[in-house]
Amino acid sequence: MSATGESGVRCPAITRSGQPCRARATANGWCVAHTPAAAEWRAKGGRATRRSERAARLLPARLQPVAALLDTALREVYEGTLEPKQATAMAALAGALVRVVTAGEVEERLRAIEAALADPRGGMGA
Ligand SMILES: [Zn+2]
(Lines give C-alpha, C1' and ligand atoms only; values in the text may rest on other atoms or scores of the structure.)
Protein backbone atom coordinates (compact mmCIF):
# COMPACT_ATOMS: atom_id res chain seq x y z
CA MET A 1 0.00 0.00 0.00
CA SER A 2 1.34 3.42 -0.92
CA ALA A 3 1.23 6.58 1.18
CA THR A 4 -1.43 8.00 -1.13
CA GLY A 5 -4.09 5.44 -0.19
CA GLU A 6 -5.32 2.02 -1.20
CA SER A 7 -5.75 2.76 -4.91
CA GLY A 8 -2.79 5.13 -4.99
CA VAL A 9 -4.83 7.44 -7.20
CA ARG A 10 -5.81 10.90 -6.04
CA CYS A 11 -8.67 12.96 -7.43
CA PRO A 12 -7.30 15.37 -10.08
CA ALA A 13 -9.69 18.21 -9.17
CA ILE A 14 -8.58 21.60 -7.86
CA THR A 15 -10.45 22.67 -4.72
CA ARG A 16 -12.08 26.08 -4.13
CA SER A 17 -8.98 27.09 -2.17
CA GLY A 18 -6.90 26.45 -5.31
CA GLN A 19 -5.10 23.41 -3.89
CA PRO A 20 -5.24 19.98 -5.52
CA CYS A 21 -7.93 17.72 -4.05
CA ARG A 22 -6.27 15.01 -1.99
CA ALA A 23 -9.27 12.71 -1.64
CA ARG A 24 -8.92 9.21 -3.06
CA ALA A 25 -10.30 8.79 -6.57
CA THR A 26 -13.12 6.33 -7.12
CA ALA A 27 -13.39 3.97 -10.11
CA ASN A 28 -14.21 6.82 -12.50
CA GLY A 29 -11.01 8.67 -11.60
CA TRP A 30 -12.62 11.39 -9.45
CA CYS A 31 -13.45 11.53 -5.74
CA VAL A 32 -17.07 11.45 -4.55
CA ALA A 33 -17.20 15.26 -4.29
CA HIS A 34 -15.75 15.94 -7.75
CA THR A 35 -17.22 13.11 -9.81
CA PRO A 36 -19.23 14.52 -12.77
CA ALA A 37 -22.41 13.12 -11.16
CA ALA A 38 -21.73 15.35 -8.13
CA ALA A 39 -23.11 18.40 -9.98
CA GLU A 40 -26.40 16.55 -10.40
CA TRP A 41 -26.36 15.50 -6.71
CA ARG A 42 -25.70 19.10 -5.71
CA ALA A 43 -28.64 20.31 -7.82
CA LYS A 44 -30.88 17.77 -6.09
CA GLY A 45 -29.38 18.70 -2.74
CA GLY A 46 -30.09 22.38 -3.41
CA ARG A 47 -33.46 22.07 -1.72
CA ALA A 48 -31.90 20.47 1.34
CA THR A 49 -29.19 23.15 1.33
CA ARG A 50 -31.83 25.90 1.32
CA ARG A 51 -33.56 24.15 4.23
CA SER A 52 -30.29 23.94 6.13
CA GLU A 53 -29.63 27.62 5.36
CA ARG A 54 -33.03 28.50 6.82
CA ALA A 55 -32.21 26.39 9.86
CA ALA A 56 -28.83 28.15 10.15
CA ARG A 57 -30.62 31.52 10.24
CA LEU A 58 -32.47 30.33 13.35
CA LEU A 59 -29.10 30.01 15.10
CA PRO A 60 -28.01 32.86 17.35
CA ALA A 61 -26.27 35.44 15.14
CA ARG A 62 -23.02 34.79 17.01
CA LEU A 63 -23.05 31.13 15.89
CA GLN A 64 -23.94 31.57 12.22
CA PRO A 65 -20.37 32.20 10.99
CA VAL A 66 -19.21 29.27 13.16
CA ALA A 67 -21.66 26.95 11.41
CA ALA A 68 -20.41 28.17 8.01
CA LEU A 69 -16.80 27.63 9.09
CA LEU A 70 -17.51 24.06 10.26
CA ASP A 71 -19.29 23.38 6.98
CA THR A 72 -16.19 24.48 5.06
CA ALA A 73 -13.89 22.52 7.39
CA LEU A 74 -15.91 19.35 6.79
CA ARG A 75 -15.42 19.68 3.03
CA GLU A 76 -11.73 20.54 3.39
CA VAL A 77 -11.01 17.54 5.61
CA TYR A 78 -12.72 15.37 3.01
CA GLU A 79 -10.67 16.95 0.23
CA GLY A 80 -7.49 16.54 2.25
CA THR A 81 -6.67 20.26 2.36
CA LEU A 82 -7.30 20.63 6.12
CA GLU A 83 -5.55 18.60 8.80
CA PRO A 84 -8.11 16.38 10.59
CA LYS A 85 -6.39 17.37 13.86
CA GLN A 86 -7.11 21.03 13.09
CA ALA A 87 -10.75 20.22 12.35
CA THR A 88 -11.02 18.28 15.62
CA ALA A 89 -9.72 21.32 17.51
CA MET A 90 -12.19 23.56 15.64
CA ALA A 91 -15.07 21.23 16.55
CA ALA A 92 -14.05 21.23 20.22
CA LEU A 93 -13.81 25.03 20.33
CA ALA A 94 -17.09 25.43 18.45
CA GLY A 95 -18.74 23.08 20.96
CA ALA A 96 -17.43 25.18 23.85
CA LEU A 97 -18.63 28.38 22.14
CA VAL A 98 -22.09 26.88 21.62
CA ARG A 99 -22.28 25.98 25.35
CA VAL A 100 -21.27 29.51 26.39
CA VAL A 101 -23.68 31.22 23.97
CA THR A 102 -26.51 28.83 24.91
CA ALA A 103 -25.95 29.39 28.65
CA GLY A 104 -26.09 33.16 28.06
CA GLU A 105 -29.34 32.88 26.12
CA VAL A 106 -30.98 30.62 28.71
CA GLU A 107 -29.97 33.11 31.44
CA GLU A 108 -31.45 36.00 29.43
CA ARG A 109 -34.75 34.18 28.87
CA LEU A 110 -34.92 33.14 32.51
CA ARG A 111 -34.50 36.75 33.62
CA ALA A 112 -37.27 37.86 31.25
CA ILE A 113 -39.61 35.19 32.68
CA GLU A 114 -38.70 36.13 36.26
CA ALA A 115 -39.28 39.83 35.51
CA ALA A 116 -42.67 39.04 33.97
CA LEU A 117 -43.67 36.91 36.99
CA ALA A 118 -42.59 39.64 39.42
CA ASP A 119 -44.89 42.12 37.68
CA PRO A 120 -48.22 40.35 36.94
CA ARG A 121 -49.50 43.33 34.94
CA GLY A 122 -46.56 43.36 32.54
CA GLY A 123 -45.39 40.91 29.90
CA MET A 124 -46.25 37.26 29.27
CA GLY A 125 -49.45 38.43 27.53
CA ALA A 126 -51.44 37.87 30.76
ZN1 LIG B 1 -11.85 15.56 -5.42
Using only alpha-carbon positions, what ratio does the radius of gyration of the chain give when scaled by 2.2 N^0.38 Å?
1.58
Residue with peak Gaussian network fluctuation, the chain [Cα springs, cutoff 10 Å], from GLY18, GLY80, GLY95
GLY18
Choice from GLU79, GLU114, GLU40 showing the highest fluctuation, given a GNM over the chain with Cα pairs closer than 10 Å
GLU114
Round to a whole number: what % of the accessible area of the chain belongs to carbon and sulfur, probe 1.4 Å?
61
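So with the 1.4 Å probe, I'd like the accessible area per residue for the chain, rounded to whole Å².
Numbers: 9410 Å² over 126 residues.
Here the residues of the chain average 75 Å² of exposed surface.
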Amide H contacts of ARG10 (H built 1.01 Å from N, under 5 Å, at least 5 apart or other chain)
ALA25
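The values are calculated or read from the model by the stated rules, or taken from the named source; none is laboratory data. For clarity, every value in this text was computed on a predicted model and none was experimentally measured. Just so you know, the surface numbers come from the protein's heavy atoms only, side chains and all, with ligands and any DNA or RNA stripped out. Shrake-Rupley method; radii C 1.70, N 1.55, O 1.52, S 1.80 Å.
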